[in-house]
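The values are calculated or read from the model by the stated rules, or taken from the named source; none is laboratory data. It should be emphasised that the depicted structure is a prediction, and the values quoted were computed from it without experimental measurement. Note that we place each Cβ from the backbone using ideal geometry, even for glycine, and neighbour counts take in every protein chain shown.
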Amino acid sequence: MKKRSKKAQQAYDIVLPLAKSMGYDLVDVEYGKEGQKMFLTVFIDKRGGITADDCEAFSKEADALIDEGMDSDADYFVVSSPGLTRPLETIEDYMRYEGEKIDVKLFAAKDGTKEFTGEITGAEGEEVTFATEEGDITLNIKDIAKAVRHIEF
């Protein structure tokens, strides 16, 4: 996971309790320049996904907290979903998507393969268990190079 800037971390700390109280997972906060404008972007998620209404409700509550709690020179404050194809990076990400299929790439082959698709059946500590066609596999998240939600069309 990339390191947050000082302002992004400050905003993260301010809105984390709000996210929890509203039933959302605070995935990340980014603070940076896009074109000539500065953006403070908050990414929230929940089991089943985030809707535009969720983003709007969270934005209304978080905006006042950001204004009170930090000196931000951001031109825009945005609340967004992390997106369907955002990589899973933390144990909380794996817990959030328990029961869903995930495409996994490993740093080193395990049982002769470096890639597989499996359903998350458990996530605890630093380990994630997947049900695959070949059977269950448990991995430390440090052994996973990339994991994204499996999208079927």
Which of the residues that make up segment 131-153 are within 19 Å of Leu84 (Cα to Cα) and free of Cβ contacts under 8 Å to residues at least 60 places away in the same chain? Ile144, Ala145, Lys146, His150, Glu152, Phe153
Considering only residues that are of a type outside the set (Val, Ile, Thr) and without any contact (Cβ under 8 Å) to a residue 40 or more places away in the chain, which ones fall in segment 47-64? Gly48, Gly49, Ala52, Asp53, Asp54, Cys55, Glu56, Ala57, Ser59, Lys60, Asp63, Ala64
Quick check on my filter: what residues within segment 93-118 are in contact (Cβ under 8 Å) with a residue 12 or more places away in the chain and not in a strand (DSSP E or B)? Asp93, Tyr94, Met95, Arg96, Tyr97, Glu98, Gly99, Glu100, Asp111
Residues located in segment 1-42, provided they are closer than 16 Å to Glu92 by Cα, free of Cβ contacts under 8 Å to residues at least 40 places away in the same chain and part of a strand (DSSP E or B): Leu26, Val29
Residue that is nearest to Ala123 (Cα to Cα), among those in segment 91-108 that are in contact with a Phe, Trp or Tyr (Cβ under 9 Å, 6 or more places away or on another chain) and aliphatic (A, V, I, L, M): Ile102
Considering only segment 24-33, I want to know if a residue exists there that is farther than 22 Å from Pro87 by Cα and either at pLDDT below 95 or crowded, with 19+ Cβ neighbours inside 10 Å (or both). yes
Those residues of segment 45-80 which are surrounded by fewer than 18 Cβ atoms within 10 Å (Cβ to Cβ), assigned to a loop (DSSP other than H, G, I, E, B), under 21 Å from the mean Cα position of the chain (by Cα) and not charged (D, E, K, R), in sequence order: Gly48, Gly49, Thr51
Within segment 94-122, residues modelled with pLDDT under 95, within 14 Å of Lys142 (Cβ to Cβ) and either surrounded by 15 or more Cβ atoms within 10 Å (Cβ to Cβ) or in the same structural domain as Tyr24 (by TED's automatic domain parsing) (or both) come out as Tyr94
